[in-house]
Amino acid sequence: MPAVGRRVVLTTVSSDAHTWNLVFLALLLEEHGHTVVNLGPCVPDEVVVQACRRIEPDVLVVSTVNGHGCIDGVRLIERIRAEIGGVPAVIGGKLTTMGESGHERTAQLLDAGFDSVFLDASDLDGLTRFLDSADALTSVGA
């Protein structure tokens, strides 16, 4: 049975001005029973850090569609790990502008501290399964 009622902080990387991905994800996650705090587009790293301190989310979801996820996402998660610690964090979307599928960057993002990386729209089921899995969130350790 899926766990429900997770507190989710949803954000883009600082360089990403796209909004519809956030609106769609917020609606999807709320439909799955989670409480979402959507920080909006172009969120500076400091604002994400402060939101995580204030809200103490069960998971941080970073969405990006401008292709800078592998750069801005690495910087963000390194700061989150240094200042917040083990809040579960995932990133998804278009991670690179180099014409790669993003699979090439998955290891880089995992090594930097993300707990999972979801590529393109086909991974939405993976994201919802991650959030619904108590094991996925408790195994990260806060």
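What follows draws every value from the coordinates through simple rules; no lab data is involved. Predicted, not measured: the structure shown is a model, and the values here were computed from it. Every residue, glycine as well, gets a Cβ built from its backbone with ideal geometry; the counts of neighbours run over all protein chains shown.
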Residue among ASP58, ASP123, ASP72 with the largest mean-square fluctuation in a Gaussian network model of the chain, springs linking Cα atoms under 10 Å: ASP123
Charge dipole (debye, nearest 20) of the chain; +1 at Cβ of Lys and Arg, -1 at Cβ of Asp and Glu: 280 debye
Label selected from (i) 10.9; (ii) 9.5; (iii) 7.3, the criterion being mean projected area of the Cα convex hull in nm² as computed here: (iii)
Cα centroid separation - the stretch 74-111 against the stretch 1-73, whole Å: 13 Å
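Quick one: compute the contact order of the chain, relative version, from alpha carbon pairs under 8 angstrom and 6+ residues apart, as a percent. The partial results should precede the final answer.
On the way: 273 pairs, mean separation 36.2, N = 142.
Taking the mean separation of contacting Cα pairs over the length of the chain, I get 26 percent.
As a test of the formula, what do you get for the chain when each DSSP H run with n ≥ 4 contributes -39,500 (n - 2.57) and the sum is divided by the residue count, at 222 nm and rounded to the nearest 500 deg cm²/dmol?
Numbers: 6 runs with 62 residues, N = 142.
After summing the helix terms and dividing by residue count, I get -13000 deg cm²/dmol.
If each residue of separation counts as 0.36 nm, what is the full-extension length gain between THR35 and SER133 once their alpha-carbon separation is subtracted?
Details: separation 98, 0.36 × 98 = 35.28 nm, distance 1.56 nm.
Residue separation times 0.36 nm, minus the Cα-Cα distance, leaves 33.7 nm.
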